[in-house]
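First the structure, in the form of structure tokens, and then the observations on it.
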Ligand code: SF4
């Protein structure tokens with residue numbers, strides 16, 4: 001049996017079936033799933049994919065959505081440029097009147113690279129196109145003992161079967177995600193008899209690890225203004241880190257009598273690490289102005305993971321304070337909202353990378 005035949009036979013018995021984006025040729029649904037799955041694991045994507053489709057069942061619906069609404073739905077999935085590009089691409093598709101239908105043309109849309117374009121062309125249009133995402137690179141590199149990244153695209157193209165491109169492509173994805181992982185499960189692999197890495201004991205070497213760079217550390221301060229159960233948020237400029245999302249101000253935009261430093265938060269981006277020093281600033285009677293939202297609204301809004309984490313801590317503190325007041329029959333305390341906020345501490349908490357990046361592979365800050 002050929003490489004493709006072995007993979008296809010394996011996929012039919014052991015591959016992933018019944019995922020919400022399988023069994024459709026609707027280019028919108030295929031595209032949405034492929035973009036969400038970039039650097040993100042399937043289990044993370046499924047609920048986001050469902051929510052997104054419910055809100056925007058067609059490309060036209062997405063095209064008229066506001067960026068804020070799209071980012072709110074994307075919130076927690078990370079790599080927010082994907083969400084912004086998705087909306088921009090939807091507008092472009094509507095402007096053109098139809099989806100591009102080849103891997104080549106799909107690359108003209110914002111946020112669609114070569115491998116993603118090929119995957120969409122395969123699953124939506126049945127084109128014989130080669131994909132080469134991180135998982136597939138790992139499989140091909142190990143099976144063929146190829147260490148040269150430039151050789152992998154031509155190799156991926158030569159291996160394409162004449163028929164059954166959809167199952168073959170799904171098989172490659174599935175094998176890379178479930179069997180030929182970093183800790184390869186060679187005992188379950190249909191390719192082990194031919195696999196160079198397996199036969200020569202080079203699994204750990206292939207593909208060659210990229211040299212780890214030590215990332216620079218940047219620091220910032222977040223001024224966490226609270227007024228009762230409201231917080232002050234600002235929209236970040238776009239483009240830029242967390243562009244278009246709501247964050248705490250980085251400047252002391254209001255005067256306060258007393259502040260309290262909270263425990264720092266570390267957040268990883270692709271090119272740097274960010275250490276955030278939150279400073280709790282309690283004010284009274286300011287919450288009528290622009291930017292003030294309730295803790296509940298902030299939690300459900302278009303905010304990056306560290307903001308949501310802080311807001312959740314404030315919410316749980318406010319809830320605990322409310323319960324204590326009820327128990328005592330006491331009047332409201334002005335410090336209630338901050339009572340359960342993270343405390344100052346010596347060692348900063350390490351947050352995972354925002355959203356899916358936290359749960360998936362390394363990559364651009366998302
Ligand atoms: S035999 Fe092992 S290393 Fe080779 S492709 Fe299969 S799982 Fe990967």
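Only the coordinates and a few stated rules stand behind these numbers; no lab work does. Please read these numbers as outputs of a predicted model, since none were measured by experiment. Glycine also receives a Cβ, built like all others from the backbone with ideal geometry; neighbour counts cover every protein chain displayed.
When only Cα pairs below 8 angstrom with a gap of at least 6 residues are kept, the stretch 3-200 shows a relative contact order of 24 percent.
Among 276, 120, 241, the order by Cβ neighbours within 10 angstrom, fewest to most, reads 241, 276, 120.
Taking a quarter of the surface of the Cα convex hull of the stretch 160-232, what do you get in nm²?
Average projection, Cα convex hull of the stretch 160-232: 11.1 nm².
For the stretch 165-198 and the stretch 217-238, compute the distance between their C-alpha centroids and round to whole Å. Cα centroid to Cα centroid, the span is 45 Å. The distance between label points at residue 235 and residue 98 comes to 3.6 nm (points 7 Å beyond Cα on the Cα→Cβ vector).
So what is the calculated 222 nm ellipticity per residue for the chain, using -39500 (n - 2.57) for each DSSP H run with n of 4 or more, over all residues, to the nearest 500 deg cm²/dmol?
Using -39500 (n - 2.57) per qualifying helix, the result is -12500 deg cm²/dmol.
With contacts taken as Cα pairs under 8 Å at a separation of at least 6 residues, the chain carries a relative contact order of 19 percent. Angle check, please: helix 27-36 long axis (alpha carbons) against the longest principal axis of the chain (alpha carbons), in degrees 0 to 90, nearest 10. Long axis of 27-36 versus the principal axis of the chain: about 70 degrees. When both the stretch 251-295 and the stretch 87-119 are represented by their alpha-carbon centers, they are found 39 Å apart. Label-to-label distance for residue 181 and residue 324 is 4.3 nm, based on points extended 7 Å past Cα in the beta-carbon direction. Rg and Dmax, both from the Cα atoms of the stretch 3-200 and both in Å, are 17.2, 55. Suppose R0 equals 25 Å. What FRET efficiency, 1/(1 + (r/R0)^6) with r the Cβ-Cβ distance, do residue 299 and residue 217 give to the nearest 0.05? FRET efficiency, residue 299 to residue 217: 0.35. Between the helical axis of 305-328 and the longest alpha-carbon principal axis of the chain there is an angle of about 40 degrees. Of 154, 110, 207, the residue with the greatest mean-square motion in the GNM of the chain, using alpha carbon springs below 10 Å, is 154. Who wins for biggest fluctuation among 38, 263, 185 in a Gaussian network model of the chain, springs between alpha carbons below 10 Å? Looking only at 38, 263, 185, the biggest GNM fluctuation is shown by 185. Of 33, 141, 98, the residue with the greatest mean-square motion in the GNM of the chain, using alpha carbon springs below 10 Å, is 98.
Would you mind classifying the stretch 241-303 by shape? Square roots of the alpha carbon gyration tensor eigenvalues, ordered a ≥ b ≥ c; an a/c under 1.5 is rounded, otherwise it is prolate if a/b is larger than b/c and oblate if not. Oblate is the answer for the stretch 241-303, as a/c is 1.5 or above yet b/c matches or exceeds a/b. Rounded to the nearest whole angstrom, the semi-axes of the ellipsoid equivalent to the stretch 198-337, taken from the Cα gyration tensor as √(5λ), stand at 39, 19, 14, largest first.
Using the scaling law 2.2 N^0.38 Å as the reference, what is the normalised Cα Rg of the chain?
1.16
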